[in-house]
1. Could you list, in sequence order, all residues of region 135-147 that are buried (at least 22 other Cβ atoms within 10 Å of the Cβ) and in contact (Cβ under 8 Å) with a residue 40 or more places away in the chain?
2. Give me the pairs, please: first residue somewhere in region 244-262 and free of Cβ contacts under 8 Å to residues at least 24 places away in the same chain and at negative phi, second residue anywhere and in a loop (DSSP other than H, G, I, E, B) and surrounded by 16 or more Cβ atoms within 10 Å (Cβ to Cβ), beta-carbon distance under 8 Å, and either six or more positions apart or on two chains.
3. Just checking, which of 262, 319, 268 is under 25 Å from residue 132 (Cα atoms), surrounded by 14 or more Cβ atoms within 10 Å (Cβ to Cβ) and modelled with pLDDT of 95 or more?
4. Quick check, is residue 231 crowded, with 17+ Cβ neighbours inside 10 Å and either on the phi > 0 side of the Ramachandran plot or touching a strand residue (DSSP E or B) at 6+ places or on another chain (Cβ under 7 Å) (or both)?
5. Residues of region 21-51 being buried (at least 21 other Cβ atoms within 10 Å of the Cβ), in contact (Cβ under 8 Å) with a residue 40 or more places away in the chain and either in contact with a helix residue (DSSP H, G or I) (Cβ under 8 Å, 6 or more places away or on another chain) or assigned by TED's automatic domain parsing to the domain that holds residue 297 (or both), which ones?
6. If residue 3 satisfies every condition in (1) farther than 21 Å from residue 117 by Cα; (2) out of contact with any strand residue (DSSP E or B) (no Cβ under 6 Å at 6 or more places or on another chain); (3) buried (at least 17 other Cβ atoms within 10 Å of the Cβ) but one, which is the exception?
7. Do we find that residue 326 is within 24 Å of residue 198 (Cβ to Cβ), outside any loop (DSSP other than H, G, I, E, B) and in contact with a strand residue (DSSP E or B) (Cβ under 6 Å, 6 or more places away or on another chain) in this structure?
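The values are calculated or read from the model by the stated rules, or taken from the named source; none is laboratory data. Just so you know, these numbers come straight off a predicted model, no measurement behind them. Here Cβ is always computed from backbone atoms with ideal geometry, including for glycine, and neighbour counts include all displayed protein chains.
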């Protein structure tokens, strides 16, 4: 044990995951300084057991107990490294709440992150998942990511080009046992053309916002939309969108659109199209479905919910059945967005 971290044996993880499923970990490490990460992972439990970094637990589903060490980052500073009249470079530590980061950058006069307002989780999770919402991905504004590299036994600074960012993907997600993200640097502009093309956002702004919305107005519109569309994890356990929007061949998207004229289809990479997972799931009749305490939200078909005492395995079983029905009807494969701990999807 050190002043920079504490270790607790056989700890409950129920307070640390937004699904609120019951699970325990062999060891829980609360870390107050990034410099202590190597010592935690080199301690007797850390060196001999698998590890999992857990912030707000808003992107994870535990299907049972974790026989390893869970590391919770408590370091949460935000600093301005450089600025001029056009923009600035900010460094945020991994334990800072993401929406607090968005709010503080807006208060400092920076733009870019407003479409990502109210996404739950810590800053450290943002590059791992390459979080995105309302037509914006966080990787657009990441300058570099600082992380402890277990393979090299050293801290690394990975520039954006080295992070392997993709749709809800990164090298950190693909190699979770190797990396512990400790801080992220963001290059943010002061003036930024608002991204308003995502369905619903322009209409929300038109209903009561300024004619030319600034970053603050966009952020508040996004927050209103998210609160209206998505269930509050404090009221009902959930991890937000459970499935990624599938990216399929243009030919398949064209055939499905011809058979289902109301199906939303969005541009993707050349020769590819993105489909709405929520639309596919709702078309299969799952919205509002409930089996015991495991269910699909009535507010949004993409959100798997725990109405009280559902287990992680029950939630995973429901998710598998949802994906199977979409595959059977549309020949489209759904992939989970949260990290599933304990089983493969």
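1. 141, 145
2. Close Cβ pairs satisfying both conditions: 257/263.
3. Numbers: 262 fails: surrounded by 14 or more Cβ atoms within 10 Å (Cβ to Cβ); 268 fails: modelled with pLDDT of 95 or more.
It is 319.
4. So residue 231 fits the description; yes.
5. The initial filter retains those residues of region 21-51 that are buried (at least 21 other Cβ atoms within 10 Å of the Cβ), namely 21, 23, 25, 27-29, 31, 34, 37, 40, 46, 51.
Of the ones still in play, those that are also in contact (Cβ under 8 Å) with a residue 40 or more places away in the chain are 21, 23, 25, 27-29, 31, 34, 37, 51.
Scanning region 21-51 gives 21, 23, 27, 29, 31, 51.
6. Residue 3 satisfies every listed condition except (3).
7. Details: within 24 Å of residue 198 (Cβ to Cβ): yes; outside any loop (DSSP other than H, G, I, E, B): yes; in contact with a strand residue (DSSP E or B) (Cβ under 6 Å, 6 or more places away or on another chain): no.
Answer is no for this residue.
Rundown of residues vs (1) more than 26 Å from residue 262 (Cα to Cα); (2) in contact with a strand residue (DSSP E or B) (Cβ under 6 Å, 6 or more places away or on another chain), yes/no style:
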{"position": "281", "(1), (2)": "no, no"}
{"position": "284", "(1), (2)": "no, no"}
{"position": "292", "(1), (2)": "yes, no"}
{"position": "310", "(1), (2)": "yes, yes"}
{"position": "317", "(1), (2)": "yes, no"}
